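Report on one structure; see the data block that follows.
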Ligand code: AMP
Ligand code: ZN
């Protein structure tokens with residue numbers, strides 16, 4: 001049993017504004033949105049970082065993209081566009097070590113990121 005904020009959200013022990021879920025993935029609103037629309041997609045399973053991706057959890061990680069596509073359709077930004085971000089470790093600014101995909105929309109993004 002992981003003592004991790006996102007595991008607790010996955011188990012329903014702390015509240016979150018859940019917008020989509022299936023048997024492996026949960027999508028909820030980011031508590032401090034950095035863009036007009038900002039969601040987080042998490043695997044229900046505790047996978048700390050992208051460094052922990054392997055053949056055993058590849059299918060579950062792939063479902064994060066399915067969750068992003070479903071969320072984009074549901075909230076109407078599939079056509080206009082959006083950005084999916086997964087931060088890994090210190091240089092990327094990862095703060096919570098339960099792998100999560102940021103699904104960000106509602107503005108025009110610059111590229112490359114600063
Ligand atoms: P990262 O820097 O990629 O680890 O992003 C962590 C994200 O989790 C940040 O955007 C936070 O605003 C968000 N966050 C932290 N706690 C919660 C929470 N309880 N519910 C929803 N989002 C959260
Ligand atoms: Zn966790």
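Quick notes on this structure:
- Residues that are out of contact with any strand residue (DSSP E or B) (no Cβ under 8 Å at 6 or more places or on another chain), touching a residue at least 60 places away in the same chain (Cβ under 8 Å) and assigned to a helix (DSSP H, G or I) do occur in the stretch 6-20.
- Test result for residue 61, within 16 Å of ligand 1 (Cβ to nearest atom), part of a loop (DSSP other than H, G, I, E, B), within 13 Å of the chain's Cα centre (by Cα) and at pLDDT 95 or above: no
- Only one of the listed residues (53, 41) is farther than 20 Å from residue 17 by Cα and touching a helix residue (DSSP H, G or I) at 6+ places or on another chain (Cβ under 6 Å). That residue is 53.
- Test result for residue 66, touching a residue at least 24 places away in the same chain (Cβ under 8 Å) and either at positive phi or in contact with a helix residue (DSSP H, G or I) (Cβ under 8 Å, 6 or more places away or on another chain) (or both): no
- The lone exception for residue 99 - which of (1) within 15 Å of ligand 2 (Cβ to nearest atom); (2) loosely packed, with under 15 Cβ neighbours inside 10 Å it fails: (2)
The values are calculated or read from the model by the stated rules, or taken from the named source; none is laboratory data. No experiment lies behind these values; they were computed from the predicted model shown. We place every Cβ from the backbone using ideal geometry, glycine too, and count neighbours over all the protein chains shown.
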